[in-house]
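> Have a look at this one before I ask anything.
Any read-out appearing in this document is the output of simple, stated calculations on the displayed coordinates, not a laboratory observation. The shown structure was predicted, so the numbers you read here are calculated from the model rather than taken from an experiment. Positions of Cβ are backbone-derived with ideal geometry, glycine not excepted, and every protein chain shown enters the neighbour counts.
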Amino acid sequence: MDTFEVFKAAQKQGWAHFAPLEMVTMIPAAQLVKFSGVKPGQQVLDVACGTGVVAVTAARAGAKVTALDLTPELLERARFNSQTAAVEVDWHEGDVEKLPFKDATYDVVLSQFGHIFAPRPDLAISQMLRVLKPGGTIAFSTWPPDQMVGRMFRLTASYMPPPPPGVSPPTQWGEEDIIRERLGASVRDLKFARGSMHAPALSVPHYRTFTERTAGPLLKLVEALQTIDPAKLAAFRREYDTLAAEYFRENFMHQEYLMTRATKI
Ligand SMILES: C[S@@+](CC[C@H](N)C(=O)[O-])C[C@H]1O[C@@H](n2cnc3c(N)ncnc32)[C@H](O)[C@@H]1O
């Protein structure tokens, strides 16, 4: 396996326990579907769909939805979610860096906090644009590096060995200038908007404990440090709690995100 495949195999393991976090991500999913302007009858692709929060929301709005994710455990839950909602979604296990779909198939391509984890952003975005029809809409939600989740990703990365050469950090997708550059001349009418995801929590450590068991990067960090360096893990937890305390109000963690929308030329 090449370096990138090894990296993705680790990602797949890290995300396998993400399903309980759908209770938090289903609310911004509705915002992304609205922001992208999905209409009944449109062909929509949800990339890195997880348990299908965006896909099911778009299907409930009347779209014909296909969705893809790297992690089979999440797709199992996604199937349950679409059956429960009594909507059809065409689920696929796969990789955003090599989408198994024909050129110009979709009217709308969406990704919520998903395609940002592909190690090679240029490859991911060129695949998402390839399968989008000219005149179609690409829209995604990402984490700005100066807000809670972006800062938390950077903190987590600082306690881990550096990623293999050529792997870009997901927080770059939270910067408007970088997004503008990555979408480049392939799009027009680029728009940005901000949203806030409110995750319920009884205390900062309550939320951290929950995410240590569910969110890929945190779960991998705990796995790596708990036996070999518990003191380093304790230091990480102290830093995390200090950072997260800035965003904890009225039993919610307030997590600001960035939405991007553009039309393919
Ligand atoms: C933070 S979760 C977001 C899931 C979902 N979109 C949501 O909003 O709840 C990140 C997702 O990206 C998926 N993922 C990571 N790398 C991927 C890749 N290269 N191709 C497809 N999916 C990927 C993970 O399996 C995981 O489901």
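> Starting from the Cα of K34, draw a straight line to each of the lysines and keep only those under 26 Å, dropping any in the same chain fewer than 8 residues away.
In chain and number order, the partners are K64, K102, K133, K191, K264.
> Ignoring the sites themselves, what is the longest stretch of the chain with no GluC sites (Glu not before Pro) in a DSSP loop and at most 13 other beta-carbon atoms within 10 Å?
That would be 89-245.
> Go ahead and run the numbers for FRET between R60 and H206, Cβ-Cβ distance against an R0 of 41 Å, rounding to 0.05.
For R60 and H206, the calculated efficiency is 0.85.
> Would you mind classifying region 106-145 by shape? Square roots of the alpha carbon gyration tensor eigenvalues, ordered a ≥ b ≥ c; an a/c under 1.5 is rounded, otherwise it is prolate if a/b is larger than b/c and oblate if not.
oblate
> May I pose another question? What net charge do the residues around L132 carry, taking every other residue with its C-beta under 11 Å from that of L132, with Lys and Arg at +1 and Asp and Glu at -1?
+1
> Rounded, prolate or oblate, given the Cα gyration tensor of region 73-158, with a/c below 1.5 counting as rounded?
Oblate.
> Run the helix sum for the chain: -39,500 (n - 2.57) per DSSP H stretch of 4+ residues, divided by residue count, reported at 222 nm to the nearest 500 deg cm²/dmol.
-13500 deg cm²/dmol
> Gain in length, T105 to A224, computed as 0.36 nm per residue apart minus the alpha-carbon separation, to one decimal in nm?
Going from the current span to full extension adds 38.7 nm.
> With an 8 Å cut-off on Cα pairs and a minimum separation of 6 or more residues, tell me the relative contact order of the chain in percent.
Relative contact order for the chain comes out at 22 percent.
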